[in-house]
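The values are calculated or read from the model by the stated rules, or taken from the named source; none is laboratory data. Just so we're clear, the structure is a prediction, and the values are computed from it rather than from any experiment. Positions of Cβ are generated from backbone atoms using ideal geometry, with glycine treated the same way; all protein chains shown enter the neighbour counts.
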Amino acid sequence: MRVADIDVWVVNVPLTTTFASSFEAKAGTTRTVIRVRDHDGLEGWGETMHGRPTAALVERIRDQFVGADPRASAAVRRTCAMVPFFYGYIGYCALAGLEMAFLDLACKAAGVPLHLHLGGAVRDVVPLTGLLTRGAAGDVARADQPAALADEAARIVAKHGFTALKFKGSTDARFDVSVMEALREKLPDTALRVDPNAVWSVPESVWAGRRLDTLDLEYLEDPCAGLEGMAQVRAQIATPLCTNMCVVREEDLAPAVRMGAVDIIHADVHKWGGVGPTMNLAATCRTFGLGLNFHSGGELGISTACHLQVAAALDRLDHAVDAMYYLADGDVLTERIELSHGSLPVPRGAGLGVDVDLDRVLHYARRNEKEGDHTP
């Protein structure tokens, strides 16, 4: 089996609600979709982050992969190990999307789901975390937003059956603490998290963390930037710290453990450069007693299926995973993966276990041509 050709598209899919974080607000998600075919016409599909910049890099490096054996993903990664060195975050994303498509193709040819390639599934469903952003408050006055957001959170939990809820924080630590206080009062039995995306200072993070300590949060995610800052905060608060921003490469793991900077690390096949590096991350977390969860960057059905396959094969899944998929107002799959009782089922078919609708890919690619990329 050899790769015959590789195609790439950038797609825009609208969201059912405005997504707002400390650094952006957007009404849709932009993803890069990759198709790999062998000489017999069998297809493998991948999906990754960051739209046009990632797609441009895939187009630049794809000739290196034509003729490769898609079953030898480790060997392929080794030949392209310098791509992230020169292209950084985008390099990891490009390699991840290609590896995902290779794995889908190889596992389809073998007639097995990806999770079996990774050791087999230990769970049939994966619990999701509900997502709450400031955009849900609409035009409500600032002083009334915590109560309004708490009401919306209760609606989300009741509608979908989530057992965990994440609030995307802002640049205002005091406001975010007031929101979390309202959420805890409204949802006393729900696992809660807040993620300001590293925009608070260390003193702000300590101030907020000590107040959040009284709310029994599941964790505080990336309150401030960098391992040094996170270590300072962790030493002064009781709430566990989670990151997907200061531990993003294998070489970040040793100093993170040595400094005691984090308790939980977010995996993400796109940010870590593929399924293989993500499985390595899971093993390292297990070795050093760190918790593991999954980051979400606006995945559509292809990437969501991949995360579900990986999560199914992990012997330990510590938390309900982040997944924005349920907020997408459309998809590139022939059939959506349906949310039920706060969880998504692990797809059962060969490869990623899902079928891609090329007409839908082309439809959402035309949207990107018209709209441009949504912010990262």
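Tabulated results
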quantity	calculated
Condition check for residue 320: touching a Pro at 6+ places or on another chain (Cβ under 7 Å), surrounded by fewer than 19 Cβ atoms within 10 Å (Cβ to Cβ) and small (Gly, Ala, Ser)	no
Residue that is surrounded by the fewest Cβ atoms within 10 Å (Cβ to Cβ), among those in segment 289-304 that are more than 12 Å from the chain's Cα centre (by Cα) and assigned to a loop (DSSP other than H, G, I, E, B)	289
Cβ-Cβ under 7 Å pairs, at least 6 apart or on other chains, segment 60-80 side farther than 10 Å from residue 3 by Cβ, far side of a type in the set (Phe, Trp, Tyr)	73/102
When residues of segment 1-27 are limited to those that are outside any strand (DSSP E or B) and not acidic (Asp, Glu), the one surrounded by the fewest Cβ atoms within 10 Å (Cβ to Cβ)	2
Criterion: closer than 28 Å to residue 51 by Cβ, small (Gly, Ala, Ser) and assigned by TED's automatic domain parsing to the domain that holds residue 272 - qualifying residue of 130, 97	130
Check on residue 193, within 14 Å of residue 132 (Cβ to Cβ), touching a strand residue (DSSP E or B) at 6+ places or on another chain (Cβ under 7 Å) and assigned by TED's automatic domain parsing to the domain that holds residue 341	yes
Filtered residues of segment 121-139 (kept if closer than 21 Å to residue 266 by Cα, outside any strand (DSSP E or B) and touching a Ser or Thr at 6+ places or on another chain (Cβ under 7 Å))	133
Residues of segment 343-355 satisfying the condition of being in contact (Cβ under 8 Å) with a residue 40 or more places away in the chain and either surrounded by fewer than 20 Cβ atoms within 10 Å (Cβ to Cβ) or not in a loop (DSSP other than H, G, I, E, B) (or both)	343, 344, 345, 348, 349, 350, 351
Residue within segment 23-43 that is of a type in the set (Phe, Trp, Tyr) and either assigned by TED's automatic domain parsing to the domain that holds residue 271 or under 30 Å from residue 132 (Cβ atoms) (or both) present	yes
Residue match in segment 28-50 (condition: at pLDDT 95 or above, within 30 Å of residue 223 (Cβ to Cβ) and in a helix (DSSP H, G or I))	no
Complete set of residues in segment 231-248 that are touching an Asp or Glu at 6+ places or on another chain (Cβ under 8 Å) and either buried (at least 19 other Cβ atoms within 10 Å of the Cβ) or not assigned by TED's automatic domain parsing to the domain that holds residue 209 (or both)	234, 237, 239, 241, 242, 243, 244, 246
Residue within segment 207-222 that is farther than 26 Å from residue 188 by Cβ, in contact with a Cys (Cβ under 8 Å, 6 or more places away or on another chain) and not hydroxyl-bearing (Ser, Thr, Tyr) present	no
Segment 265-288: number of residues that are over 17 Å from residue 114 (Cβ atoms) and either part of a loop (DSSP other than H, G, I, E, B) or charged (D, E, K, R) (or both)	3
Candidates 369, 335 - the one that is without any contact (Cβ under 8 Å) to a residue 24 or more places away in the chain, part of a loop (DSSP other than H, G, I, E, B) and either of a type in the set (Asp, Glu) or under 19 Å from residue 93 (Cβ atoms) (or both)	335
Looking only at segment 305-317, and only at residues there that are more than 9 Å from the chain's Cα centre (by Cα) and assigned to a helix (DSSP H, G or I), the one that is nearest to residue 239 (Cα to Cα)	311
Restricting segment 274-288 to residues that are over 21 Å from residue 128 (Cβ atoms) and without any contact (Cβ under 8 Å) to a residue 24 or more places away in the chain, the residue that is surrounded by the fewest Cβ atoms within 10 Å (Cβ to Cβ)	287
From the options 68, 56, residue that is farther than 22 Å from residue 195 by Cβ, surrounded by fewer than 23 Cβ atoms within 10 Å (Cβ to Cβ), modelled with pLDDT of 95 or more and assigned by TED's automatic domain parsing to the domain that holds residue 88	56
Residue list for segment 173-193, restricted to those being surrounded by fewer than 19 Cβ atoms within 10 Å (Cβ to Cβ) and either of a type in the set (Lys, Arg) or modelled with pLDDT under 95 (or both)	174, 184, 186
Complete set of residues in segment 71-104 that are among the aromatic types (Phe, Trp, Tyr), surrounded by 21 or more Cβ atoms within 10 Å (Cβ to Cβ) and over 18 Å from residue 37 (Cβ atoms)	92
